[in-house]
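Accompanying notes for the structure given below.
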Amino acid sequence: MGLFGFSKKIGIGQCDIHNHLLPGVDDGFRNPGDSLAAIELMAKAGCRNIVFTPHMNPDVYPDENEAHFREVYKDFTARIPEEWGVETWLAAEYMVVKDFQERASSKDLLTYKDGSILIEMSYYFKSENLEETIFALNTEGHRPILAHPERYLYMADSLHEFDRLRDMGCRFQMNRLSLTGIYGGESLIIMDYLLSRGMYDFMATDLHTLSQLDRLTEISVKRKVAALLPQEI
């Protein structure tokens, strides 16, 4: 997007709150070497804070849990050189599965430093208990952040539902790669709706592979679009 002086490069930002860099636990990076290579490149590009958010989805990864993520995180981050100047944190991307709202009071939840929690839905259908989950998490002080709403293409026909979720206290995180149009027309419709109303709160890489980094670091958008993007946190 954008041409010459009328465009602005946005890169990967100074803080990445959503990625799959923690190796070997989900569909993201498979080995520590690739994860370290990615983090080094991110650091060189100016990223100074990285929050690892591996998928927490019992239907897809039934053997994964918070305890295992904490163990992998501890072992892996010990290998990140201090001179890279990167601070890290461990959270998770929780799929809103059936009855997930019942976990809202769990002390095991992997949240951001301020207690906020990252949640997601299936790419094929809306979670029936999404509103219940948002209410329960807010009640427990875990302000929910819905990951990449522009990827739930089925919501392009019901954009008003985002207003309801927003009114309930849910915040929204955009994937930086979405700005390239990679997810198709419905995604662009959703993204335009949320951007034009100032409803995005965060941007993140949602990085899964090393090969995505080159494209992420080169993203540029028209200046009028850049003005609508959420500010760095």
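Coordinate-derived values only; no laboratory data. Keep in mind that what you see is a predicted model, and the values were worked out from it rather than measured. Cβ coordinates were reconstructed from backbone atoms using ideal geometry, including for glycine residues, and neighbour counts include every protein chain displayed.
A simple charge model with +1 on the Cβ of Lys and Arg, -1 on the Cβ of Asp and Glu and nothing else charged puts the dipole of the chain at about 1000 debye relative to its Cα centre. Here the label points at K126 and D157, each 7 Å from Cα along the C-beta direction, are separated by 1.2 nm in the simple model. Listed by chain and number, the lysines placed with their C-alpha closer than 24 angstrom to that of K98 are K107, K126; residues fewer than eight positions away on the same chain are left out.
Run a plain Debye calculation on segment 12-226 (Cα atoms as equal point scatterers, no solvent) and give log10 I(q)/I(0) at q = 0.09, 0.11, 0.16 Å⁻¹, rounded to two decimals, same order as the q list. Ignoring solvent entirely, the Cα scatterers give -0.34, -0.52, -1.13.
What does the charge count around M155 come to, taking other residues whose C-beta lies under 11 Å from its C-beta (Lys +1, Arg +1, Asp -1, Glu -1)? Walk me through the intermediate numbers first.
Numbers: positive: K126, R151; negative: E150, D157, E161, E186.
After counting each charged neighbour, the total is -2.
How would you classify segment 1-103 from its alpha-carbon gyration tensor, with a ≥ b ≥ c the square roots of the eigenvalues: rounded for a/c under 1.5, else prolate if a/b is greater than b/c, otherwise oblate?
On the way: a/c = 2.45, a/b = 1.44, b/c = 1.70.
Here segment 1-103 falls in the oblate category.
Here r is the Cβ-Cβ distance between H208 and A78 and R0 is 35 Å; the resulting FRET efficiency, rounded to 0.05, is 0.95.
As an exercise, find the ratio Rg/Rh for segment 97-164 from alpha-carbon atoms, using the Kirkwood inverse-distance average for Rh. Present the calculation step by step, with values, prior to reporting the outcome.
Details: Rg = 12.3 Å, Rh = 12.7 Å.
Looking at segment 97-164, the ratio lands at 0.97.
Using only helices, what value at 222 nm comes out for the chain when you add -39,500 (n - 2.57) per DSSP H run of length 4 or more and divide by the total residues, to the nearest 500 deg cm²/dmol?
Working: 7 runs with 66 residues, N = 233.
Helix contribution divided over all residues of the chain: -8000 deg cm²/dmol.
Considering only DSSP beta bridges where both residues belong to segment 12-226, give the percentage that are antiparallel (nearest 5).
Details: 0 of 22 bridges.
Expressed as a percentage, antiparallel bridges in segment 12-226 total about 0.
Cross-link candidates for K8: which lysines have Cα within less than 26 Å, leaving aside residues fewer than 8 places away along the same chain? Correct list for K8: K44, K222, K224.
By the scheme Lys and Arg +1, Asp and Glu -1, what is the net charge of all other residues having a beta-carbon under 13 Å from that of T77? The partial results should precede the final answer.
Numbers: positive: R70, K74, R79; negative: E71, D75, E82, E87.
Every neighbour counted, the sum reads -1.
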